[in-house]
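To start, the structure under review is shown below, and the notes come after it.
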Amino acid sequence: MKKLLIAVSLVAVLLALSVGSALTQQARTGAWVDEIVFTEVVDRAQAVDMLNANQLDLYAFGISEPEIFKKIKESPALGYETSYGSYNELTFNPVGPTFPGTGAFNPFHFPRIREAMNWLIDRNYIVNEIMGGLGVPRWFAITPAFPDYARYADIARALELQYGYDKEKAKAVITEEMTNAGAVLQDGKWYYGGQPVTIIFLIRVEDERRQMGDYIATLLEDIGFTVDRQYKTAREASACWIRSDPATGCFHIYTGGWVTTLIDRDQGGNFDFFYTPRGLPYPLWAAYTPDPEFDAVAERLARNDYKTMDERRELFAQALELSMKDSVRVWLANRVSITPRRANVAVGADLAGGVYGSWIWGFTIRFTDQPAGGTMRIAMPSILPEPWNPLGGTNWVYDMMIMRGMSETMCQPSPFTGLFLPQRVEKAEVYVKEGLPVFKSLDWVDLKFEPEIKVPAGAWIDWDVKAQKFITVGQKYPEGLTANAKVVVHYAPELYQMKWHDGVNLSLADIVLPLILTFDRANPDSAIYDEVVVPDFEQFQQYYKGFRIVQKDPLITEYYTDLTYLDAETLAYAGVLEPYYSYGPGSMHALALGILAEANQELTFTSDKADKLGKEWMNYIAGPSLPILEKYLDQAIADKYIPYANTLGEFITPDQAVAQYQALKAWYQAKGHFFVSQGPSYLEEVRPVEKIVVLKQNTAFIDPSEGNRIKWLEFGKPKIAAVEVTGPGEVKIGGVADFLINVTFEDQPYPLAEIDFAKYLVIDATGKLALVGPAEPVRDGLLVVSLSSADTAKLVPGPNRLEVVVVSKVVSIPGFGSLGFVTTP
């Protein structure tokens, strides 16, 4: 079943764009521009020069170098978007203690050495000196700019203080662990088995990770390691760190970079994603062996297995602490990212994902100084780094941006709050078991609580691989089954008018196939079994309780689950079944070719299976996969093939399937690839050697461009709170003190009705978290923190810092403020 867009998946800025009369003169469908041309420009400074020279219109990458940002701000020809959802980390290879492939020693097999890297690295140096202040230090898998960090700021800050920069402590722990492992420190250098302990460090070159990598490599050399600095682009590095078996020992450390493509309101699943084999279907993840306690906590948070917010808080406290002890990833910094563009370009950006992580950029990108049309020139640091296929292809943001520009999902996330908004859904009814923490914000969802939710006997609960039919609840659980939640989804009346880019209408077969593949690919008896999807499937099985088609046209479905979310809108979207997979869109007739190719062991959907079988990793847009897919297209036509015909045959006839394949064949002959989606643009041309991708306006898109403009540009400037703290500079221990918290937006008082909560933290003179409490409302724009005599009695003489976090209801980026004060006897 499809994963939520929140996986693994940031922060959105949508422009308030006026609808000019020149743009409403006639009904135009699809993209506002006629053509979008993507090219590769690795160097950010060069890209900005090209923007200034009018050789590019947009550079789709988050820039955080201060000198380049200064150049952007000073240019009258340029504008920019700001986002907060990209971040950098160190990815460690955990295999060891020696690599089976090379025999080389791997210090990072040992969790305590990975943990000690947190003390070795000065994150403030990285943010201030390397990033020029365009970022904040990061210690955890949760994002400092997102709601969960604000909820648990006291827990997080205590751990941040515990794991603050301490080079001597890091050196002592690493020395102890290396010695216990049999390594020897000789003349200031570590040796193992008579050979220098050499760290293969993959350092990305496209951004500030090059400087970060050099800084950390020097730290490692200073404490005795020999470091092999290997400078790589995204494409060059991916062949090793994400595609190869980590046991081959092609790397020890990689400078990772991630972007969250929407504001993630519930980041509990991040621990499961980043630290366990359930995260991604790649060899590196398969090598993760977290401590059983951490593994269990991570899985519970991923399944939202808690009954109260207090229980959730306790799980988060455990996960944050245990993740630091595991440290298979060491987080470095959360970036404030700048996406530069020409001043006459407008685009829907996400406060988390910027433009390249935005889910609505393809609907909104346009020129503001001309009528609809024209060619939009976009560059990115990497073009086509990995193969495209919906079930196990590329996960690179550069590829995913292009796919999103050509696609739509049934619901799409708000760029300000991360709450899902309906696109091809009319409404949803969400029923939740009484007592579970679920909250509603938007009108398209109706939330109700029930004492018991029974799953109907006819709901699909399992899959019979041999019979190619779903097993019902009545068959598997004749005694009956209950669930924590039920989601009834009413799809839009125009659902079946949606067309794939090759002209084929969306059908129920497209919508049901994702559920079949969820079960089938994880079953050893399946012709397309892939062991890499099993951990994720086993987790899915723990909460999935059934799916039922209530009505075919207009489509109404029911989804039963034990997995709930804090937001009813997220739970509603979880109940939507649609042909958008974890790695992109996929129609039944296009996926059928890949299913046949994998069943006959000529191609595989995932890189892990490709490596194990020595086969080609399936690519729908270029390379050796294309003639193989074409062969199976011809076979599908000849055989009137319907995948899983005993089930999908209810929704499509053999003749209809043949007509779809013939449409895809005509598409392939015209375009040279098999990638079809159903969004406002389509993939016109792919030129992997030249690093060029061309999209064209999809005139068959069912929504008018004007309608899209109204729908997705209803947002003004994001209302991020500015927080200023004032108060006494000196406080007597045992006395009382009031601190005023001024909260504004564009110098206007922030309405109290739009503030969700505010809290304060006091870090005392010893560097410990001493006090935590709520900031109390006074009036619009003003809160107060009142420290009682009992509060100040807990402090010690010396300098303290009061930190305040304010969380808004209308935008999910918290506001932060702080003030220093001295306590005296």
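The values are calculated or read from the model by the stated rules, or taken from the named source; none is laboratory data. Since the model is a prediction, treat every value here as computed from it, not as a measurement. Virtual Cβ from ideal backbone geometry, glycine too; neighbours counted across all protein chains shown. Only protein heavy atoms, including side chains, enter the accessible area calculation; ligands, DNA and RNA are left aside. Shrake-Rupley method; radii C 1.70, N 1.55, O 1.52, S 1.80 Å.
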>> Give the lysines whose C-alpha is closer than 22 Å to that of residue 232, dropping any in the same chain fewer than 8 places away, or say none.
In response: 691
> Any idea what the dipole of the chain comes to, in debye rounded to 20, about its Cα centre with Lys/Arg Cβ at +1 and Asp/Glu Cβ at -1?
Replying inline: 480
>> If R₀ is 30 angstrom, what is the calculated FRET efficiency for the pair residue 27 and residue 426, using the beta carbon separation as r and rounding to 0.05?
In response: 0.85
>> Could you tell me the extents of the chain's C-alpha atoms along the three principal axes, largest first, rounded to whole Å?
In response: 87, 70, 69
>> I need the semi-axes of the equivalent ellipsoid of the range 469-603: take the C-alpha gyration tensor, multiply each eigenvalue by 5, square-root it, list largest first in whole angstrom.
In response: 24, 22, 14
> Using a basic spin-label model with each label point 7 Å from the Cα along Cα→Cβ, how many nm lie between residue 128 and residue 818?
Replying inline: 1.1
> If amide H atoms are built 1.01 Å from N in the plane of the peptide, which residues on other chains or at least 5 residues away come under 5 Å of the amide H of residue 412?
Replying inline: 421, 423
> For the range 682-812, max minus min Cα coordinate along each principal axis, in Å, sorted largest first?
Replying inline: 72, 39, 20
> With point charges of +1 on the Cβ of Lys and Arg and -1 on the Cβ of Asp and Glu, referenced to the Cα centre of the chain, which listed residue (119, 657, 436) lies farthest in the positive direction of the dipole?
Replying inline: 657
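Nothing charged except the Cβ atoms of Lys and Arg (+1) and of Asp and Glu (-1): what's the magnitude of the dipole of the range 59-163 about its Cα centre? Round to the nearest 20 debye. It would help to have the intermediate numbers written out before the result.
Values: 9 positive and 11 negative charges, 25 e Å.
That gives the range 59-163 a dipole magnitude of about 120 debye.
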> If you check each cysteine of the chain for another cysteine whose beta-carbon is under 4.7 Å away, which ones come up empty?
Replying inline: 411
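Would you please name the GluC sites (Glu not before Pro) within the range 354-448 that are DSSP coil residues with at most 12 other C-beta atoms within 10 Å of their C-beta?
On the way: sites: 408, 426, 429, 434; in loops: 408, 434.
Qualifying residues, ordered by number: 434.
Using unit Cβ charges (K, R positive; D, E negative) and no other charged atoms, how large, in debye to the nearest 20, is the dipole of the range 684-825 about its Cα centre?
Values: 14 positive and 18 negative charges, 62 e Å.
Computed about the Cα centre, the dipole is about 300 debye.
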> Lys/Arg Cβ at +1, Asp/Glu Cβ at -1, dipole of the range 122-231 taken about the Cα centre: which of 178, 230, 192 is farthest positive-ward?
Replying inline: 230
> So if we plug the beta-carbon distance of residue 343 and residue 307 into 1/(1 + (r/R0)^6) with R0 = 35 Å, what FRET efficiency do we get, rounded to 0.05?
Replying inline: 0.10
>> What number comes out for accessible area per residue over the range 483-542 if the probe is 1.4 Å? Units Å², please.
In response: 30
> How far, in nm, would the chain grow between residue 531 and residue 314 when pulled straight, counting 0.36 nm per residue and subtracting the alpha carbon separation?
Replying inline: 74.8 nm
> Across 10 Å bins from 0, what is the distribution of all Cα-Cα pair distances for the range 600-659, in whole percents?
Replying inline: 21, 38, 32, 8
> Simple spin-label model, 7 Å along Cα-to-Cβ: residue 616 to residue 786 in nm?
Replying inline: 7.3
> Among 753, 131, 456, whose Cα lies farthest out toward the positive end of the dipole of the chain, if unit charges sit on the beta carbon of Lys, Arg (+1) and Asp, Glu (-1)?
Replying inline: 131
>> Over the Cα atoms, compute the radius of gyration (one decimal) and Dmax (the largest Cα-Cα distance, rounded to a whole number) for the range 64-191, in Å.
In response: 19.2, 61
>> For the range 282-373, place one equal point scatterer on every Cα, skip the solvent, and apply the Debye formula. What is log10 of I(q)/I(0) at q = 0.10, 0.17, 0.19 Å⁻¹?
In response: -0.52, -0.87, -0.95
> FRET efficiency for residue 666 and residue 169, Cβ-Cβ distance as r, R0 = 56 Å, nearest 0.05?
Replying inline: 0.25
> Counting pairs of alpha carbon atoms under 8 Å apart in space and at least six apart in sequence, what relative contact order in percent does the range 521-569 give?
Replying inline: 24
> At what distance in nm do the modelled label points of residue 551 and residue 655 sit from each other, each positioned 7 Å from its Cα along Cα→Cβ?
Replying inline: 2.9
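What value in Å³ per residue do you get for the convex hull of the alpha-carbon atoms in the range 140-296? Before the final figure, lay out each step's value.
Values: hull volume 23.9 nm³, N = 157.
Considering the Cα atoms of the range 140-296, their hull volume per residue is 152 Å³.
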> Which whole-Hz couplings ³J(HN,Hα) result when phi for each residue of the range 315-326 is put into the Karplus expression 6.51 cos²θ - 1.76 cosθ + 1.60, θ = phi - 60°, listed in order with x for Gly and Pro?
Replying inline: 4, 4, 4, 5, 5, 4, 5, 5, 5, 5, 6, 6
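Please report, as a whole percent, how much of the solvent-accessible surface of the chain comes from carbon and sulfur atoms (probe radius 1.4 Å).
Carbon and sulfur: 50 percent of the exposed surface of the chain.
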